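A.B. asks: I am attaching a structure below and will ask some questions about it afterwards.
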């Protein structure tokens, strides 16, 4: 990984003109790879990028990254950058788009201790980049608003952040969506947020359980008055939040809905309908 | 330059968590280097980034990049990225910030033909990322809105684009600010736009000439009804616009105010008060 680099002249760096997706591997199996590939191809199309690999070829490259790394649990990223123009032209149509992929050890937004007691989150008044500026259905690296939110949260002694939308409703956090549970009903913001795959997975689990989920505006006071709060991300799955701006959510303990969904979520990782096995080489890869 | 790369794990790439500045060298002299360094250091401070080089050391690195490249006219970029955490932590406070710089041949938003006849620009309804999301005084790589505007412009047969602010006033274009001239009075947007150094230079030239400049909202219809329109960028200086959305500006020719400012602008490049010489090695650099 220390040798995986991108040209400083690639507009994926100089203009953050790129889309990407991150899928995880758990216990040797990709989780919901199809949904991640769907989103990645949709993003490339919306950014008018073209790569020479087919979907099947990309599946092969990703599996190979994981197999060669030897990681049984991995965070696997596929990226398409605008690339650069061979003639120094400033016209993005003349750039050669560039595909890359890598696998690193699985990482989580919340560490072990935070998963056991719940995260302390702060609501920042930073506004998530609105859809009129950037289509949030294109997964992108425009994170300075989220980084600002994170520093705001750290300044206030919290562990991570939520930022708001243009109407001061709760939007999302750095790399995750948020859900509330109130009287057995789930709620998650719909406007201007990333259509997260783990968020989608919560919808799918709730459909199996016949639990109601509302996609709609979420006021900061609704968040704080919830029975339970959790966040969702490929980096960690379903993660409990037990404190918002120093106020305890419910009784300050991880709630039963969050626990049940988390158990179901991890259970699905062995289900062939939701996951795909990685074929690892028989012989361990030699390393220096 | 083909070897200048950044790690794919650098958050400057993965989160566009970076600030930068670009200064140009013309005829062997940096133009207004002090202003670029001021802005670069301000951006790093606002992003809470720290590098181990002093301002004087950075000046030396930039001059050395140009001298070693041998370019007499160059586009010189200094970048500070968040870097990455040595422990794979997601906490940006734990990252080691990373400074880099490079010099490439001078490039311009407008090519020779466009400089002679004026650019054809289109107004896109894409909204520039608002200040509540990202502080525009931090020069940043969040360009997907500008790239979208550019594709909108190409689709309509224009050569470059302007995007709007949240109230549908004209904001700026991909890498440039915009000015209008109407009845001898200049006007340029003030809200949510990059505080461009070439824009500042136009203010300074107008102050010398005792010409009035208004910083304020600019409606699309005001833009089209102007006597003259020009754009400003380190990449090209002051560049004429003679057509907006297929409508000619004034008589469709480059106007006298634009011409006079352009001449003054280039004249200042030899003025020791506005420029600093680069010391090139006596012996030409050997290349493979």
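A.B. asks: Among the listed residues B:184, B:192, B:173, which satisfies the condition of being within 24 Å of residue B:263 (Cβ to Cβ) and touching a strand residue (DSSP E or B) at 6+ places or on another chain (Cβ under 7 Å)?
C.D. replies: Answer to the selection: B:173.
A.B. asks: Can I ask one more? Here are some residues: A:271, A:263, A:251, A:227. Which one is on the phi < 0 side of the Ramachandran plot and touching a residue at least 12 places away in the same chain (Cβ under 8 Å)?
C.D. replies: Matching residue, one of A:271, A:263, A:251, A:227: A:227.
A.B. asks: Here is a further query. Among the residues of the range B:91-109 satisfying the criterion of being out of contact with any helix residue (DSSP H, G or I) (no Cβ under 9 Å at 6 or more places or on another chain) and assigned to a loop (DSSP other than H, G, I, E, B), which is surrounded by the most Cβ atoms within 10 Å (Cβ to Cβ)?
C.D. replies: Applying the filter and picking the extreme gives B:109.
A.B. asks: Here are the criteria: (1) surrounded by fewer than 16 Cβ atoms within 10 Å (Cβ to Cβ); (2) more than 9 Å from every other protein chain (Cβ to nearest Cβ); (3) assigned to a loop (DSSP other than H, G, I, E, B). Tell me which single one residue B:49 does not satisfy.
C.D. replies: Single failed check for residue B:49: (1).
Every residue, every condition in (1) surrounded by 18 or more Cβ atoms within 10 Å (Cβ to Cβ); (2) closer than 24 Å to residue A:110 by Cα; (3) within 19 Å of the chain's Cα centre (by Cα), yes or no:
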{"site": "B:55", "(1), (2), (3)": "no, no, no"}
{"site": "B:68", "(1), (2), (3)": "no, no, no"}
{"site": "B:76", "(1), (2), (3)": "yes, no, yes"}
{"site": "B:83", "(1), (2), (3)": "yes, yes, no"}
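A.B. asks: Continuing with this model, one more query. Read through the list (1) facing chain A (nearest Cβ under 9 Å); (2) over 18 Å from residue B:175 (Cα atoms); (3) buried (at least 16 other Cβ atoms within 10 Å of the Cβ), then give the number of the only condition that residue B:2 fails.
C.D. replies: (3)
A.B. asks: Still on this model: Condition first: in a helix (DSSP H, G or I) and surrounded by 14 or more Cβ atoms within 10 Å (Cβ to Cβ). Now tell me which residues in the range B:205-223 satisfy that.
C.D. replies: Residues satisfying the conditions are B:205, B:206, B:220, B:222, B:223.
A.B. asks: Sticking with this structure for a sec: Any residue at all in the range B:216-228 that is within 14 Å of chain A (Cβ to nearest Cβ) and in contact with a strand residue (DSSP E or B) (Cβ under 8 Å, 6 or more places away or on another chain)?
C.D. replies: No.
A.B. asks: With (1) without any contact (Cβ under 8 Å) to a residue 40 or more places away in the chain; (2) more than 21 Å from residue B:18 (Cβ to Cβ) as the list, and residue A:147 as the residue in question, which single condition is left unmet?
C.D. replies: Every condition holds for residue A:147 apart from (2).
A.B. asks: Continuing with the same structure: Can you name the residue in the range B:228-264 that is under 18 Å from residue B:185 (Cα atoms) and either in the same structural domain as residue B:30 (by TED's automatic domain parsing) or assigned to a helix (DSSP H, G or I) (or both) and, of all such residues, is farthest from the chain's Cα centre (by Cα)?
C.D. replies: Per the stated criteria, the residue is B:256.
A.B. asks: Related question: For the range A:126-168, give me each residue that is surrounded by fewer than 19 Cβ atoms within 10 Å (Cβ to Cβ) and touching a helix residue (DSSP H, G or I) at 6+ places or on another chain (Cβ under 8 Å).
C.D. replies: Listed by number, the residues that qualify are A:135, A:137, A:151, A:154, A:168.
A.B. asks: Condition first: facing chain A (nearest Cβ under 7 Å), under 19 Å from the mean Cα position of the chain (by Cα) and either free of Cβ contacts under 8 Å to residues at least 12 places away in the same chain or under 30 Å from residue B:1 (Cα atoms) (or both). Now tell me which residues in the range B:106-142 satisfy that.
C.D. replies: B:107, B:109, B:134, B:140, B:141, B:142 - these are the residues of the range B:106-142 that are facing chain A (nearest Cβ under 7 Å), under 19 Å from the mean Cα position of the chain (by Cα) and either free of Cβ contacts under 8 Å to residues at least 12 places away in the same chain or under 30 Å from residue B:1 (Cα atoms) (or both).
A.B. asks: Pairs under 8 Å by beta carbon, first residue within 14 Å of another protein chain (Cβ to nearest Cβ) and on the phi > 0 side of the Ramachandran plot in the range B:171-187, partner crowded, with 21+ Cβ neighbours inside 10 Å and in a strand (DSSP E or B), six or more apart or different chains?
C.D. replies: B:175/B:233
A.B. asks: Looking only at residues that are assigned to a loop (DSSP other than H, G, I, E, B) and facing chain A (nearest Cβ under 9 Å) in the range B:73-88, which one is modelled with the lowest pLDDT? Working first, answer last.
C.D. replies: Step one: list which residues in the range B:73-88 are assigned to a loop (DSSP other than H, G, I, E, B), which gives B:73, B:82-88.
Now restrict to residues that are facing chain A (nearest Cβ under 9 Å): B:82, B:88.
Details: B:82: 98, B:88: 74.
Among them, the one singled out is B:88.
A.B. asks: Can we say residue A:58 is over 30 Å from residue B:86 (Cα atoms) and either assigned by TED's automatic domain parsing to the domain that holds residue A:238 or outside any strand (DSSP E or B) (or both)?
C.D. replies: No, not satisfied.
The values are calculated or read from the model by the stated rules, or taken from the named source; none is laboratory data. Just so you know, these numbers come straight off a predicted model, no measurement behind them. Methodologically, a virtual Cβ is constructed for each residue, glycine included, from the backbone with ideal geometry; neighbour enumeration extends over all protein chains shown.
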